[in-house]
Amino acid sequence: MAKFKYKATGRDGKIKEDVIDAPNKAKAEQILRSLGYQVISLNMDWASFEISFGSGKIPTKVISIFTRQFSTMIAAGLPLMQCLRILQEQTANKSFKGILKEMINDVESGATLADAMKKHKKAFPELYVNMVKAGEEGGALETILGRLATYLEKNEALTRKIKGAMIYPTIISIVMVIAVAVMLIFVIPIFAGMFTSFGGTLPLPTAILVGLSNFLRQNIIIIIIALGVIIFAVKSFQNTAQGRVFFDKLALGAPVFGDLQKKQVVARFSRTLATLLSSGVNIISALETTAKTAGNVVVESAILKARTAIQEGESISLPLSKEKVFPIMVVQMIRIGEETGGLESMLIKVADFYDEEVDAAVEALMSALEPLIMVILAVVVGGMMVAMYLPMFKMITLVSG
């Protein structure tokens, strides 16, 4: 999104100079005219030009805070435009500030809030837009925003817990790899030179370690290139349809981590579907949106099969029972919810239960990983140290003998 500096005459006859965000100059002029301005001059604002890196996606936490504050303001009776202007002024995220500014322009031009949000997929996913649309059409925007805020907060907390659980193992693993690489490239060659000057035959562990060190030092460039090619090939395959299916199946079937992934998927599915249904979105659209936010193509496929089955007159639980992703207990609870007419409340109970299960699984994983990683670190680094000192022990034995 570019910034354009304009000079224009307003409806009151006064000349105004400001900056407007728009994808191009023509669109900027169109927005200004729709707001009742007669454009005098319009040029690219090069002073504010910035080169952005990465996807530009607005962090979930920013959207979560915005939604909670928006919900509170609407509940307090503030007009929609005043809420948006206040939120636009107080947000610290520059990208999101620009998005809110565009939304304000669009809503002032006659667009609905949902339509204004729909243009900014990096900030507002399809789930968010659909719920806001349902809230506007049903006159329950305050309620919908409150539910959305709760949903985003719980989802953010779940993601944060899982990421937090992986920080310690990741740091230790990186430290171990760096330590081993430094020893192989810099430390072992010094010991190898000492061993050569002593003469004699090296013990097998030491000979293997010296050979590995020599191989790494002689082929370090080739190894780095090979690793780069492998990573690129894996990433390219992962971006294909077959690759996504392969890796998502692998994630669900992985030991320990697969069970955690399934619980996270079930919690997200249940909470998303419950949130949409309670917001007045029909079951077909709700399942379609839920599938897109599943985060796993295997689960997405299972949900879309359920959607197709419902269109053909079946219940939700029957097609879900045929998929290995959803535990029997979940399917049974959904079936009970359908039969009693309390599907939404049952889905919320499932989501709450699996949120707790994820918490317990993360704690258990941390408890198991910490000692396991320390043992591996001790074995690898300790084994290398023993292998380096073995020739010295052998020499001391020969001398003392």
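Calculated FRET efficiency, F247 and V381, Cβ-Cβ r, R0 35 Å, to nearest 0.05? Show your work: numbers first, answer last.
Values: r = 31 Å, r/R0 = 0.90.
Efficiency for this residue pair is about 0.65.
So, R0 is 45 Å and r is the distance between the beta-carbons of E312 and A233; what FRET efficiency does that work out to, to 0.05? Don't skip to the end; give the middle numbers.
Working: r = 41 Å, r/R0 = 0.91.
Plugging the Cβ-Cβ distance into 1/(1 + (r/R0)^6) gives 0.65.
Quickly rank 249-259, 138-148 as a protection proxy: mean count of other C-beta atoms within 10 Å, highest first. Mind dumping the intermediate values first?
Numbers: 249-259: 13.7, 138-148: 18.4.
The most tightly packed comes first, giving 138-148, 249-259.
Subtracting the Cα-Cα distance from 0.36 nm times the residue separation, let me have the gained length for I15 to V175 in nm, one decimal.
Numbers: separation 160, 0.36 × 160 = 57.60 nm, distance 6.16 nm.
Taking 0.36 nm per residue and subtracting the Cα distance, the gain is 51.4 nm.
Compute the distance in nm between two label points, each set 7 Å from the Cα along the Cα-to-Cβ direction, one at M44 and one at N24.
1.3
With θ set to phi - 60°, apply the Karplus curve 6.51 cos²θ - 1.76 cosθ + 1.60 along the range 302-309 and write out the HN-Hα couplings as whole Hz, x wherever there is a Gly or Pro.
Once θ is set to phi - 60°, the couplings for the range 302-309 become 5, 5, 5, 5, 5, 4, 5, 5 Hz.
Each residue of the range 334-351 in order: what ³J(HN,Hα) in whole Hz does its phi give by Karplus 6.51 cos²θ - 1.76 cosθ + 1.60, θ = phi - 60°, with x for Gly and Pro?
For the range 334-351, the Karplus curve yields 5, 4, 5, x, 5, 5, 8, x, x, 4, 4, 5, 5, 5, 5, 4, 4, 4 Hz.
So, in nm, how far is label I336 from label K7 when the simple model puts each one 7 Å beyond its Cα toward the Cβ?
A separation of 7.2 nm, rounded to one decimal place.
Label points 7 Å out from Cα along the Cβ direction at Q82 and L204: separation in nm?
8.3
Which ³J(HN,Hα) values in Hz, rounded to whole numbers, follow from the phi angles of the range 110-126 under the Karplus curve 6.51 cos²θ - 1.76 cosθ + 1.60, where θ = phi - 60° and Gly and Pro get x?
Working through the residues one at a time gives x, 6, 6, 4, 5, 5, 5, 6, 4, 6, 10, 5, 6, 10, 10, x, 4 Hz.
Any idea what angle helix 80-90 forms with the longest principal axis of the chain, computed on alpha-carbon atoms, 0 to 90 degrees, nearest 10?
40
For a label point 7 angstrom out from the Cα of D359 toward its Cβ, which stretches of the range 311-337 have the backbone nitrogen within less than 15 Å?
Zone members listed by number: none at all.
If Rh is defined by the Kirkwood formula over all Cα pairs and Rg also comes from Cα, what ratio Rg/Rh do you get for the range 168-401?
Details: Rg = 27.2 Å, Rh = 22.3 Å.
Here the Rg-to-Rh quotient is 1.22.
Using only the alpha-carbon atoms, how far is helix 94-108 inclined from the longest principal axis of the chain? Give it as 0 to 90 degrees, nearest 10.
20
Of the options V265, I348, V182, report the single residue whose Cα projects farthest towards the positive end of the charge dipole of the chain (beta-carbon charges: Lys, Arg +1; Asp, Glu -1).
V182
Distance cut-off 20 Å, Cα to Cα: go down the list K101/K292; K101/K121; K61/K121 and report the pairs above it.
Details: K101/K292 28 Å; K101/K121 15 Å; K61/K121 16 Å.
Cα-Cα > 20 Å for K101/K292; rest within.
Tell me, in nm to one decimal, what length is gained between L372 and K122 on full extension, where the rule is 0.36 nm per residue of separation less the Cα-Cα distance?
Working: separation 250, 0.36 × 250 = 90.00 nm, distance 3.89 nm.
Result for the pair: 86.1 nm of gain on full extension.
What is the extension gain from E108 to T159, computed as 0.36 nm multiplied by their sequence separation minus the C-alpha to C-alpha distance, in nm to one decimal? Present the calculation step by step, with values, prior to reporting the outcome.
Working: separation 51, 0.36 × 51 = 18.36 nm, distance 3.58 nm.
The E108-T159 span can extend by a further 14.8 nm.
FYI, it's all coordinate maths here, none of it is from the lab. Fair warning: this is a prediction, and the values are worked out from it, not measured in the lab. Reconstructed Cβ throughout: ideal geometry from the backbone, glycine too, with neighbour counts over all protein chains shown.
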